[in-house]
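Since every read-out is calculated from the coordinates, none of them should be taken as a lab result. Note that the structure is predicted; figures quoted are calculated from it, not measured. With ideal geometry, Cβ positions are generated from the backbone for all residues, glycine too; neighbour counts draw on all protein chains shown.
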Amino acid sequence: MTTGSSRPTLRSTFAVDPSIRLGLELPSLPAPAGSDDAPANGRGDLMASVAAADRSGFGSVWLTGGAHDGPTGTCDACTVASGAAPLSKRLTLGVVAPLTGARSPSVLARDVTALDVVSKGRAALCLADSPRGDAPASEGSHLGRLAEAVWICRALFTKDRTDWNGQWYHLSGAVNRPGPVRPGGPPLLVDAGDISGALRGSIEKKRGGAEGVQGPRREDVARLLTSIDGCVMTGTGNQVTAMRRALDAVSLELSIARVPVIWRGVLPEAEKQGPSAATALHEAGADGLIVLVGRGSEDPGAPPSADRVESTGGVLAPLVGGWTS
């Protein structure tokens with residue numbers, strides 16, 4: 001539970017934050033500056049990509065990676081995003097963070113709050129589910145752990161003091177000061193994979209459906225969907241449609257606001273099939289895109305060149321900017 005008014009500020013109406021309509025995903029720096037494994041121009045390439053995203057119409061950039069990712073490690077995404085903040089006065093700076101034992105939701109919420117303060121209200125967070133070895137295999141537990149993490153982050157973004165005693169996490173008198181600059185806290189997304197089956201299971205379970213249905217608890221689903229600003233997923237147009245329908249069915253069942261779906265992945269070459277692929281995803285049910293732009297054959301794991309970012313943004317930004325739902 002949370003202290004005070006007992007509930008963090010929740011999303012009450014359907015709305016897609018304009019800054020997350022079109023996002024660019026970038027890798028974090030591959031190794032600490034000065035190490036033998038770090039490319040000499042790695043930092044320069046990454047910051048050039050951020051500046052190009054600002055010029056070409058992207059609403060946000062999303063940095064992935066943490067201190068223990070990969071064989072040589074990557075720089076912390078929140079720290080790198082803070083370094084990129086001076087390059088733009090309008091870009092939202094998003095962090096994609098896996099749910100692992102390395103960083104609890106409360107610590108992550110404080111780190112993203114610091115990014116929000118440094119960027120003057122332009123931080124965002126995407127919690128990416130990353131099941132641990134001690135996690136039960138059921139979809140109900142999968143969503144339950146994610147729901148607890150989301151609830152804790154939202155509470156710390158909006159409340160002075162938070163207590164929580166759940167299955168996965170425990171807080172007592174947690175504070176987050178100074179709080180976020182953005183009213184209500186940074187946009188909070190989840191990348192939970194294809195959870196459409198689990199969402200349908202929650203409805204069947206509530207309605208007393210077929211014997212053996214192991215859907216997540218109704219309260220976990222409600223807690224998750226009322227606390228987020230969007231559900232991020234990869235997959236085909238058919239999978240996007242399945243997710244859209246499952247989210248809409250659960251939202252209707254629980255009488256809560258519609259949840260935006262943000263597709264995340266690699267589009268075909270933007271100048272060629274990119275616009276038609278983006279339009280098809282929108283027609284399938286996607287409300288926004290977070291795209292990865294390849295660098296080509298040089299180094300697929302390195303940041304894309306500024307030219308590639310600008311060409312992609314120049315094509316997609318006018319298209320996505322016209323989406324109204």
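Taking amide H positions as modeled 1.01 Å from N, with prolines and chain starts lacking one, no residue 5 or more places away or on another chain lies under 5 Å from Ser227.
Estimated at 0.36 nm per residue, the fully extended path between Val266 and Asp160 surpasses their Cα-Cα distance by 34.2 nm.
Using a Förster radius of 25 Å, what is the FRET efficiency between Asp307 and Thr79 based on their Cβ-Cβ separation? Nearest 0.05, please. That gives a FRET efficiency of 0.40.
When each of Ile228, Ile262 is scored by the number of other beta-carbon atoms lying within 10 Å, the sequence from fewest to most is Ile262, Ile228.
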